[in-house]
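Participant: So that we are looking at the same thing, I have put the structure below in structure tokens.
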Amino acid sequence: MGRTDPKGNLVPNHDRSKKPEHKLEILVSDPQKRSGDQSTTSSYVSYQISTKTDNPAYQKYHDDAGGIIVVHRRYSDLLLLHNILSNDHPTCIIPPLPDKKVFQYIAGDRFSQSFTQKRCHSLQNFLRRVANHPILAVSNSLMMFLVSPDWDAYRKSLAGHLQQNNKDEVTDVFMNAFKTVHKQSDEFVEIKEKSDKLDHNVAKIDKIFHRVVKKYDAISEDYSKFGSNIQDLQELCTGENEMLSQNLKNFNEGITQLSFGIRDLSKYLDYEYIVDLKDLEHYIDSMNQLIKLKEQKQIDYEELSEYLTKSVNEKNNLISGYGGSNFFTNKLEELAGINQESARREKIDKLETKINCLTGELESSKKIADAFEQETLKEVSLFEELKTKELKTSLGSLADHHIEFYEKLLETWVKVDENL
Amino acid sequence: MNIFGESEEEDNNPFAGTNHLYASGIAAVADGEDDFIPKGATIYDEINKDNDEGEDIETGSPVDSPINSFTQNTMKHDLKEQEKGMNSFENAAPTTSTKFEPYVSLTMSMAIGSNGQNSAETPDINITEAGDYKDPWGKHAIGYVIQFQGKEVVRRYSEFDTLRQALIRLLPTVIIPPIPSKHPLIKYFLNPLAAENDSKIIDKRKRMLTSFLNNCYAVEEIRNQVVFTKFLNPEYSWPNVLKSPPIAILPVNNLLAPPLNPTKPSPLHLLLPVTKSLSRLDPLAHNGSTLELEKQFAHLEARLKKFRLHLDPSHKIIKQHRLHFHNLGSLFAELGAYYNAFSLQANVISNEDTVKAIKMLSNAIEKIGHGFDVNYVCSEILIENLLNSLEEPIGEILHFLEDAQRVITFRKLKRLQFQIIEQTIQKRELRIKNLKEAQFQMKRLQEALQRNAQESPTIAEAIKHIEKKMSLSPTDDVPKQLQESELRPQEEQPRIEEISGEAPPDRDQISISNRRTTTRKKNRRSGELEPHLLTEHERQQEIQKLFKEIEKLNECFKLINKDMEDVNKSTLQTLRMLEDYINRKMGIMIKSFTKFVINWLTECLKAWKNARLIVNNIET
């Protein structure tokens, strides 16, 4: 019944609490449309991935002093990396990848700037999270992915051989969907509650930002129209009232800048900030999945212990007498010529071995569940840490962009004011 | 300066009427409630306090421009100081957070901007209050208290409307400033204007009616108009003013009166022709004015038309933009609220080690939320200012331009009158000339015939025959024509209209002869009655009549010439004034809007810079 993950042998091979030893900075940029090579006919989008690190293992890959290793990867490469990581590290919260977005593939605008830019930013988030994770960051697969020129060959040889245990998990989760953990630790109750609230808030903010972006676009459009009207007025005044014409020109400059500024801000919000929010939501989902997995382990354990108690009870009943079976069956067995006493002894023996076996199982299951819980807790606090870091960057950049927007416009408008 | 106190209060409570947290007043959130004001921020705090005090003093008396400019300067100064403070603060204590900017100082400083705008042009006439009032008949209405030269008078919207109508009729050559359009009738039935619930419309009317009165006051013709002064004088009851001269004795048609003073028509004015359509106007003819003048008018008209062409879409865009911005503002408010919620629940796990980091994080998130709150408040203020400083003035200009069209049309009608009279005189003179020539020729012919008759009896015979015929034919012809004309008098009427002015004032006496002349004229127009077909007697008669007519026409011509001069002068002046007004107003508009934008940007920037500082302090 209980599935023990063969790889979930829970050897705490790395210490999570320790920060990653080496700096690992990864930058995803410059999405470019590539036409397919011989093997693949369709075109795809490739992303430039630059890595900067002081890890000596990477040393041999960068030739120049700058220490930046540049490779080009496409979305499916990252998907592969994601799969490898999630198979290798079942107890880690694997950062989510952006959605596959099948619709865009059908609609055909997967090469549009807005799509690739958003995906680029999301991939950046993914790799940054991986790089900040103490276990994932030192994974050899990651290094392979980040530096190796042979990655393509590596991918091809792996293709098809990689076991997809995702499906397995899904059915398992589905089977256990209606089972709930009997004894949930307070810590996890709290985590669950808080993560739900967090998810709710982030989703709400995400939704509002979508509307904000739309409104910003409309306003930017308004200003550009207004600007062209001002331009007409200015032309009308040229030759009649030079001063007013000049003023209108100045003013129009401000309006145009306002329109551009708002457009830029809206683009930033759309391409980056909303993506950040979405990624955070996904990350929370990933964490919830891990918690589910942990619960599964616990359910396994609980069911096992239930089974054990049942067996123990049965054995006790047999030992204490006929309590377990009814009179009628006993009579039947008597008629069949079965020696009741020996049969009973046999049964007890069977149960004995079963119980022994179960006790062993239970112990290991308990160990697994406990260890998993510990791992999960560590992982969750790691998530918390990463999330804080991430929020700091994302809020910081939100504030920075706003400051940039207002500062630039303030400068423009003060100039306008001076010229009036 | 009561009005400033009023507007200040309005500006200070931008949340009024909204669902926002601060709707009940900003004072509800005291500074002390902020739980994360660090100790290290006292320097900044003090600077801020100084600012607040300074602003308080300034807002108390923002009356004249020197103080106003001072305010602007100090504001800039404040900003610099705050920035300085922030910078030094950043250097000195990078781990502490800044002060939570109270909304009060923010709205105060923005209110100064709008106050400064108001006091920049000291208005002659103020509307100090608007509210429920009972007119002398006990009917409830919304009265506007007008303050002018120390006196106060209450008038209602419909009275403003009738004043404007009266001015339009009294001063056909002057562009009358617009008043806000009427409340849509359907809305009125569904939801009658009540002083309590439609403060927005009433405020708008208050502003625009103030602007109307001041715009009127700026125009000399209107300022000196007795109706206008009576309107501002509390001793006159407006309904009585409407029933008494000059309004009561206004002519039905302004074209039949002196353009500058329609209440004193001369008898000759009643003789002028009246047309309704301009189709007969020859735009290229420049009689009655110089070519140069016509060019000026054409240029002005084209320019004003273009202004209208460009301002109309601008007006629409600004209106649309205002709605967009308003929506954006409410989204900001929502964001502010959700970020606040977010700040309370930003963590999934907490233990002793992370407690501090979590607190910093939630502070930072709250700051971001605060940034959006400030964005919301500022955008609401900006919208309000956008409405006041751009949308309404542009709407006003558009109405001005509409009225300018009326004045231009009036002038064109006047020109048409002029042209018709001129043409008629020319026609009459030509006819006299023709008649005289015909007479002369007839005489010569007769003389020649008589000379020949003395020699030839056949010719003498023929002459006798002709004479016989001549004596018969007119008597046959004329009555027939008379009959004809009497048979179709209705049909005749509209055609006469054009020249009806020719009828002498004493209509009864000359009605018959009038008919006769018109009949003749009609015939003449259709070319039926050639001069040589008339008898000598008839010719003489007609010449005499025409001479009389021309005499009258010449008098009319003199009159219309003078009218035309007046109209041209006055129209040109008023159009020029309008052009000036538009130019000036546009300058003011962009200047004030620029100020508001700068205020908006400054406040938002401040909030976001604060947020940035706190975000930097998050420990990871």
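Participant: Per the Debye formula with a single identical scatterer at each Cα and no solvent contribution, what log10 I(q)/I(0) holds for the range B:327-453 at q = 0.09, 0.13 Å⁻¹?
Facilitator: -0.64, -0.82
Participant: Something else now. Would you tell me the accessible area of B:Trp600, worked out with a 1.4 angstrom probe on the heavy atoms of the protein chains, in Å² to the nearest 10?
Facilitator: 10 Å²
Participant: Filter B:Lys182/B:Lys319; B:Lys200/B:Lys367; A:Lys100/A:Lys207; B:Lys200/B:Lys305; B:Lys319/B:Lys412 down to the pairs with a C-alpha to C-alpha distance above 29 Å, please. Could the numbers behind the result be given before it?
Facilitator: Numbers: B:Lys182/B:Lys319 18 Å; B:Lys200/B:Lys367 33 Å; A:Lys100/A:Lys207 20 Å; B:Lys200/B:Lys305 31 Å; B:Lys319/B:Lys412 34 Å.
B:Lys200/B:Lys367; B:Lys200/B:Lys305; B:Lys319/B:Lys412, as the Cα separations exceed 29 Å there.
Participant: What are the GluC sites (Glu not before Pro) within the range A:213-285 that DSSP puts in a loop, where the Cβ has at most 15 other Cβ atoms within 10 Å? Provide the component values of the computation, followed by the final result.
Facilitator: Numbers: sites: A:Glu221, A:Glu235, A:Glu240, A:Glu242, A:Glu253, A:Glu272, A:Glu281; in loops: A:Glu240.
Answer in residue order: A:Glu240.
Participant: Too long at a 28 Å Cα-Cα cut-off: which of A:Lys214/B:Lys585; B:Lys306/B:Lys562; A:Lys23/A:Lys278; B:Lys151/B:Lys591; A:Lys23/A:Lys378; B:Lys585/B:Lys606? Don't skip to the answer; put the middle values down first.
Facilitator: On the way: A:Lys214/B:Lys585 33 Å; B:Lys306/B:Lys562 31 Å; A:Lys23/A:Lys278 26 Å; B:Lys151/B:Lys591 33 Å; A:Lys23/A:Lys378 21 Å; B:Lys585/B:Lys606 31 Å.
Over 28 Å apart, Cα to Cα: A:Lys214/B:Lys585; B:Lys306/B:Lys562; B:Lys151/B:Lys591; B:Lys585/B:Lys606.
Participant: Once you place label points 7 Å from the Cα toward the Cβ at A:Asp186 and A:Ser43, how far apart are they in nm?
Facilitator: 6.1 nm
Participant: Might you work out the accessible area of A:Lys197 for me, using a 1.4 Å probe with all protein chains in place, and round it to the nearest 10 Å²?
Facilitator: Ignoring ligands and nucleic acids, A:Lys197 comes out at about 90 Å².
Participant: What spacing in nm lies between the two simple spin-label points modelled at A:Glu25 and B:Ser456, each 7 Å away from Cα in the Cβ direction?
Facilitator: With each label placed 7 Å out from Cα toward Cβ, I get 12.8 nm.
Participant: For the pair B:Phe547 and B:Lys443, what calculated FRET efficiency results from E = 1/(1 + (r/R0)^6), where r is the Cβ-Cβ distance and R0 = 25 Å, to the nearest 0.05?
Facilitator: Working: r = 20 Å, r/R0 = 0.79.
In this case the efficiency is close to 0.80.
Participant: So, one more: Taking R0 as 60 Å, what FRET efficiency do you get between A:Ser364 and A:His72 from their Cβ-Cβ distance, rounded to the nearest 0.05? Show your work: numbers first, answer last.
Facilitator: Numbers: r = 46 Å, r/R0 = 0.77.
E(calc), rounded to 0.05, equals 0.85.
Participant: Same structure again: If I compute solvent accessible area with a 1.4 Å probe over the protein chains, what percent of it on the range A:193-420 is carbon and sulfur? Spell out each step's value before the answer.
Facilitator: Working: 5590 of 10970 Å².
Of the solvent-accessible surface of the range A:193-420, carbon and sulfur hold 51 percent.
Participant: Next question, about the same structure. How much accessible surface area, in Å² rounded to 10, belongs to the heavy atoms of A:Leu318 with a 1.4 Å probe?
Facilitator: 20 Å²
Participant: If R0 is 56 Å, what FRET efficiency do you get for B:Thr128 and A:Lys310 from their C-beta distance, rounded to 0.05? Before the final figure, lay out each step's value.
Facilitator: Details: r = 90 Å, r/R0 = 1.61.
Approximately 0.05, to the nearest 0.05.
Participant: Just tell me how shielded B:355-361 is by partners: mean number of partner chain Cβ atoms within 10 Å of each residue's Cβ, no decimals. Before the final figure, lay out the partial values.
Facilitator: On the way: counts 0, 0, 5, 2, 0, 2, 7.
Across B:355-361, the average partner-chain Cβ count within 10 Å equals 2.
Participant: Another one. Sorted by accessible area with a 1.4 angstrom probe, largest first, how do B:Glu603, A:Glu187 fall? Before the final figure, lay out the partial values.
Facilitator: Numbers: B:Glu603 10, A:Glu187 90 Å².
So, going from the largest accessible area down, we get A:Glu187, B:Glu603.
Participant: What's the local net charge at B:Leu163, with K and R +1, D and E -1, over the other residues with C-beta under 12 Å away? It would help to have the intermediate numbers written out before the result.
Facilitator: On the way: positive: B:Arg155, B:Arg156, B:Arg164, B:Arg169, B:Lys230; negative: B:Glu159, B:Asp161.
Result for the neighbourhood of B:Leu163: +3.
Participant: Using a 10 Å cut-off around each Cβ of peptide B:589-601, what is the average number of partner chain Cβ atoms that fall inside? Please report the intermediate quantities before stating the final value.
Facilitator: On the way: counts 1, 12, 5, 0, 5, 12, 3, 1, 11, 8, 1, 4, 12.
Neighbouring Cβ atoms belonging to other protein chains average 6 per residue here.
Participant: Something else about it: Keeping all protein chains in place and using 1.4 angstrom, which order do B:Met589, A:Met143 fall into by accessible surface area, from largest down? It would help to have the intermediate numbers written out before the result.
Facilitator: Values: B:Met589 10, A:Met143 35 Å².
Sorted descending by solvent-accessible area, the residues read A:Met143, B:Met589.
Participant: Averaged across the residues of B:328-339, what count of C-beta atoms belonging to other chains lies within 10 Å of each residue's C-beta?
Facilitator: Working: counts 8, 1, 2, 9, 3, 1, 6, 6, 0, 2, 9, 5.
Per-residue shielding by partner chains comes out at 4.
Participant: Something else: What total accessible area, in Å², is buried where chains B and A meet, using a 1.4 Å probe and rounding to the nearest 100? Don't skip to the end; give the middle numbers.
Facilitator: Working: alone 34690 and 24950 Å², together 53510 Å².
The buried area between B and A, both sides summed, comes to about 6100 Å².
Participant: With only alpha-carbon pairs counted, each pair once and no self-pairs, how large is the Kirkwood hydrodynamic radius of the range A:193-420 in angstroms? Walk me through the numbers on the way to the answer.
Facilitator: Working: mean 1/r = 0.0402 Å⁻¹.
Across the range A:193-420, the inverse of the average 1/r is 24.8 Å.
Participant: Using 0.36 nm per residue, how much length does the chain from A:Lys156 to A:Asp54 gain when fully extended, once their Cα-Cα distance is taken away?
Facilitator: Working: separation 102, 0.36 × 102 = 36.72 nm, distance 2.95 nm.
Gain in length upon complete extension: 33.8 nm.
The values are calculated or read from the model by the stated rules, or taken from the named source; none is laboratory data. Keep in mind it's a predicted model, so treat the numbers as computed, not measured. Note that we place each Cβ from the backbone using ideal geometry, even for glycine, and neighbour counts take in every protein chain shown. What goes into the accessible areas is simple: the full protein's heavy atoms, side chains included, and nothing from ligands, DNA or RNA. Shrake-Rupley method; radii C 1.70, N 1.55, O 1.52, S 1.80 Å.
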